[in-house]
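Visitor: What follows is a single structure, and I will ask about it in a moment.
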Amino acid sequence: MPSTLTDEIAIAAARLVVEEGMEYQQAKQRAARDLGRRSTRPAELPGNEQVEDEVRSHIELFCADTQPAELQALREVALQWMQRLAEFRPHLSGAAWRGTATRLSAVHLDLYCDDPKAAEIMLVNAGVDYDVGSIERHGAEPVNVLTVGQRSAALGEVVSVHLFLRDLDEQRGALKPDARGRSWRGDLPALQRLMAAETAI
């Protein structure tokens, strides 16, 4: 049973992540509102690792039969785009890397570019349709995000692939682990090793 408001928010947010495909921050804020908190102090919001723990529990309880195949399908989409964008040093992050993705999840790829415009130009030259957005970062410049759609034959639907255009200097901290020693992202060889290991199992 949840013992604190933070625990309650984490459990509710995890359900929104799995069942509605929300990103963690959005899910935490929505969960807090759903629990009647019009304003929540930062200390009351769970960290991403706590939400991820609850996501894993939710998947184990309700999606154990379907989630592994959905995760594999999303990683296959990620693999295609990482190979296609190899010159931009792609790293897979988010749920597809951490192993918690479902068919509602988007694929997150961090691109480390000498010139962020180069990735956009490559998409234009290849005739790929994309949307442009950005995410705000505390104490840093916003990150531009290009979103493309990739049909997954395994899922029978289009998967959203978010390309985060990061400065090349940021690659130095890309593989910094979380508090439990697990990496937040992995490059193409790391993804290939991960997929090969899971296929073997």
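Visitor: Can you put Cys113, Cys63 in order of Cβ neighbours within 10 angstrom, beginning with the fewest?
Guide: Cys63, Cys113
Visitor: Give the calculated FRET efficiency between Glu136 and Arg41 to the nearest 0.05, with a Förster radius of 22 Å applied to their Cβ-Cβ distance.
Guide: That pair, Glu136 with Arg41, gives E of 0.65.
Visitor: Sticking with this one: What share of all Cα pairs of region 5-62, in percent, falls into each consecutive 5 Å distance bin?
Guide: 4, 24, 36, 23, 10, 2, 0
Visitor: The chain: longest stretch without exposed trypsin sites (Lys or Arg not before Pro) (DSSP loop, at most 16 other Cβ within 10 Å), sites themselves excluded?
Guide: 39-179
Visitor: Using Cβ contacts closer than 10 Å as the measure, can you line up Met122, Met82 from fewest to most?
Guide: Ordered from fewest to most neighbouring Cβ atoms within 10 Å, Met122, Met82 come out as Met122, Met82.
Visitor: Where both residues lie in region 108-201, what percent of DSSP beta bridges are antiparallel, nearest 5?
Guide: Of the beta bridges lying entirely in region 108-201, close to 75 percent run antiparallel.
Visitor: Also: Counting other beta carbons within 10 Å of each Cβ, put Phe62, Phe164 in order, fewest first.
Guide: Phe62, Phe164
Visitor: Using a Debye calculation, one point per C-alpha and no hydration shell, please list log10 I(q)/I(0) for the chain at q = 0.08 Å⁻¹ in order.
Guide: Each listed q corresponds, in turn, to -0.28.
Visitor: In debye, nearest 20: dipole of region 5-62 around its Cα centre with unit charges on the Cβ of K, R (+) and D, E (-)?
Guide: So the dipole magnitude of region 5-62 works out to roughly 380 debye.
Visitor: Taking the 0 to 90 degree range and rounding to the nearest ten, how far is the long axis of helix 24-34 tilted relative to the main principal axis of the chain, both from C-alpha atoms?
Guide: Approximately 30 degrees, to the nearest ten.
Visitor: Now, a different point. Have a look at the DSSP beta bridges in the chain and tell me what percent are antiparallel, nearest 5.
Guide: 75 percent
Visitor: Dipole size in debye (nearest 20) for region 67-200 around its Cα centre, Lys and Arg Cβ +1, Asp and Glu Cβ -1?
Guide: The calculated dipole for region 67-200 is roughly 520 debye.
The numbers here are math on the coordinates, done by the rules we state, and not lab data. Keep in mind it's a predicted model, so treat the numbers as computed, not measured. With ideal geometry, Cβ positions are generated from the backbone for all residues, glycine too; neighbour counts draw on all protein chains shown.
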